[in-house]
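One structure is given below, encoded as structure tokens.
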Amino acid sequence: MLQNEFTGPDMHLLKAIQLLAILAVLQACATTSPDLSEMITGNWQSTVGGFSVTTSFTATEVSVDGHKPLGYQLDGNSLTIDEDETSRRTVNFPSSTEMIQVDVITGTVHRFQRSADAG
């Protein structure tokens, strides 16, 4: 039968070190997870009704094919565009070059690819 080499104060120290190591790993994961508000910024290509569309996000506004920009709010992964509050969408980023928006009312999935164009 295996016997634990650590007893008493040594065991408490070992458990404390293990706990600190686990917390350090969890903290690293939390600090390296991407910020959606940073990921959404840029130009995105998509297809709507067979037409190629460019959607441009800044930190506070969104514009489609150069039309007048509208403000937007990103609360977690919930996107609401000003003047379009009934069409809330969830936003996910499977990769740094792909964005998926899902209309929460209709369930419609809209896929975007990050554009190499600067604008």
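So here's what we get for this one:
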| item | result |
| --- | --- |
| Hits in the range 70-117 - residues which are of a type outside the set (Asp, Glu), assigned to a loop (DSSP other than H, G, I, E, B), closer than 21 Å to THR54 by Cβ and modelled with pLDDT under 95 | SER87, SER96, THR108, SER115, ALA116 |
| The lone exception for ASN43 - which of (1) assigned to a strand (DSSP E or B); (2) surrounded by fewer than 16 Cβ atoms within 10 Å (Cβ to Cβ) it fails | (2) |
| The one condition in (1) open to solvent by 70 Å² or more (accessible area, probe 1.4 Å); (2) of a type in the set (Gly, Ala, Ser); (3) within 20 Å of ASP35 (Cα to Cα) that SER52 fails to fulfil | (3) |
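The values are calculated or read from the model by the stated rules, or taken from the named source; none is laboratory data. Computed from a predicted structure; not experimentally measured. No Cβ is skipped: glycine too gets one built from the backbone with ideal geometry, and neighbour counts run over all protein chains shown. Just so you know, the surface numbers come from the protein's heavy atoms only, side chains and all, with ligands and any DNA or RNA stripped out. Shrake-Rupley method; radii C 1.70, N 1.55, O 1.52, S 1.80 Å.
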